[in-house]
Amino acid sequence: MRVNESGRSMIEMLGVLAIIGVLSVGGIAGYSKAMTKYKTNKVVDQMTMIVTNIRTLYAQQTSYNGLNNQSAINMGVIPDEMGTDASSANAPLVNAFAGQVYISHAKLSSNSTTDPHSDKAFVLTYTGLPREACVTLATGDWGSGSSAGLVGIGAYGAATTAAQKEDTRLVLADTATCAGAAASGSAVACPGGSNTPVPMQVSKAAAACSCGTSSSCTITWKYY
């Protein structure tokens, strides 16, 4: 009696496992990039909504004095998904990448120190961003016309206290003098900027967003 037996050899099984491994790695990489893109788009939506809400709410005011995380939550200009605890001026706000978000009033220009209503601008800062998202956000066209209200945008390779408050290069009487980054680690772009106009050049954004894979890049927008 002859018994027919069939099966796969060890070499064949190793080949199948290798193919599965390659497909798995490719799938994970593709999923990771897709999630980064999705979260970046989410940041754009959140940021656009917040800026629009703040500018609309303060349209008839003489300044943004008193604007911070706490007041922004209380006034309902923040999406609920970002945080609803208004217990302090630096109440926690979280972006799509789980990084902190900071909102504060700011001087519009260097000449506004003697103005009793000098807080005629506000700053919105997103921290905890991966490098890819930082570059994408920094190179976006956030508005160059007067109706857009954009004073400038800053990109940073780390979440520093100075960046969270305000980059002094964004306190300008003349935005045409807006300076670009002299070295890696930061860059600032302004509408009509002589060195770095909006949108920021990809090369400068890439040099500024030097956080690598640590997800610690920061983007700061300033509007009036």
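As a proxy for reagent exposure, ranking 132, 81 by other Cβ atoms within 10 Å from fewest up yields 81, 132.
At full extension, residue 35 and residue 74 could sit 11.0 nm farther apart than now, given 0.36 nm per residue minus the alpha carbon distance. For residue 42, the lysines whose Cα comes closer than 27 Å to its Cα, not counting residues fewer than 8 places off in the same chain, are 33, 165, 204, 222. Legend: ranking of residues 186, 104 from fewest to most surrounding C-beta atoms inside 10 Å; resulting order 104, 186.
Values in this text are rule-based calculations from the coordinates and carry no lab data. A quick note: this is a predicted structure, and the numbers were derived from the prediction, not measured. So basically every Cβ, Gly included, is an ideal-geometry build from the backbone, and we count neighbours across all protein chains shown.
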